[in-house]
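Student: After the C-alpha cells below, expect a handful of questions from me.
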C-alpha cells in the first residue's frame, strides 16, 4: 500500500502511515482520470491539427485559416531524451 | 513580529520517501493576534484564503515520468468547487489551453487537480541515477557526489485557494516551476542545454465552500516540504 505523510494542522503532529483503502482508491481513480484527460486533450489537439491541414489543403492561406479557426494547436513539449 | 495577513498553520517536512502528503483539520486551527493571547478561529470571514507552498523531489527519471501522475486533492465535508483549469506549460505566454476538462459539482468528497504538467522528474538517467559525471565541491568545501540529490531537480509550487461567491475570483490558483541546468550525463559544466517547466492555472467559483483537507499524491515516491498559510483579512499573526 502507498504511504502518506499526514500533517494535522489542529495538533501540529506529523505521521507517516499507509494510505487507507479509501484514500488509495481515490488516488488511483484520480490517476486514471488524469490519464484519460491527457489522452482526450491529445486527441483534441490532433483533431484540430488535422482540421487545420484540411483547410490548408483546400487552398486557404495560413493567415486565413488562423482567422477562421484560431492559431495552430501547440504540441506539448516533452522532456529531452536521455 | 510585525502584523501580517498570512498565518502559518502547518509545515509538513518529509525527508524520506512517501507517495502522498496531506494536511488535515484545516478548519480547526486558531490564530493568535499581536498580544499572543486572543485568538481568532480561522473562519472564512477572517481568513478567506489558503496558500499552500511546497517543494518536492520526485524519485523518477525523465523516462519514467508522466505528467498525469501528480494530483492535488481537496477534500471537503461540505461543498467544494466546480472548476476548470487552464495552463500555459512550456514557453507559451498566453494560453487558452484547457488542461482539465473535468467538471466537478459541489458535494462532499474529494476533487482533484492534475498539476503534473508543471513538475519535473528529479532524475534524468534511465537507470535511476542522475549522474552528472563527476563529483564537485560546493561553496563550503564539501564533496557533492555525481548522484547527490542536491544535483537533482526540485519542483516548487504555490497553490492558493479562496473562498469566493459566484462570478468572482477563481477559487483555486496554481503556480509551479521546475528547472534544470542540463540533461547530459557526461558533463559537469554550467553552460550546456537547460530545461524547465512551469504551470499556471485555476478557475471556478461557488457559493458554498469548505476546505477540510488537502492531499498531494503521485505515482512516484517523493520527499519535500509542504506549508499551509491562512490568508487573513486583518492583522492576524502566528498559528497554533
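Student: State whether the residues of the range A:55-70 include one that is in a loop (DSSP other than H, G, I, E, B), more than 7 Å from chain B (Cβ to nearest Cβ), farther than 30 Å from residue B:9 by Cα and at pLDDT below 90.
Tutor: The answer is yes, given that some residue of the range A:55-70 is in a loop (DSSP other than H, G, I, E, B), more than 7 Å from chain B (Cβ to nearest Cβ), farther than 30 Å from residue B:9 by Cα and at pLDDT below 90.
Student: So, in the range A:33-54, how many residues would count as being more than 14 Å from every other protein chain (Cβ to nearest Cβ) and either closer than 13 Å to residue A:70 by Cβ or surrounded by 13 or more Cβ atoms within 10 Å (Cβ to Cβ) (or both)?
Tutor: 2
Student: Another question, if that's okay. Looking at the range B:42-61 only, could you name the residues that are surrounded by 22 or more Cβ atoms within 10 Å (Cβ to Cβ) and part of a loop (DSSP other than H, G, I, E, B)?
Tutor: Within the range B:42-61, B:42, B:47, B:60 meet the criteria.
Student: Same structure, new question: Just the residues that are assigned to a helix (DSSP H, G or I) and at the interface with chain B (Cβ under 7 Å from one of its Cβ atoms), please, taken from the range A:15-32.
Tutor: Within the range A:15-32, A:26, A:27, A:30, A:31 qualify.
The values are calculated or read from the model by the stated rules, or taken from the named source; none is laboratory data. Treat the numbers as computed from the prediction; the structure is a model and nothing was measured. As a convention, Cβ positions derive from the backbone with ideal geometry for all residues, glycine included, and neighbour counts pool all protein chains shown.
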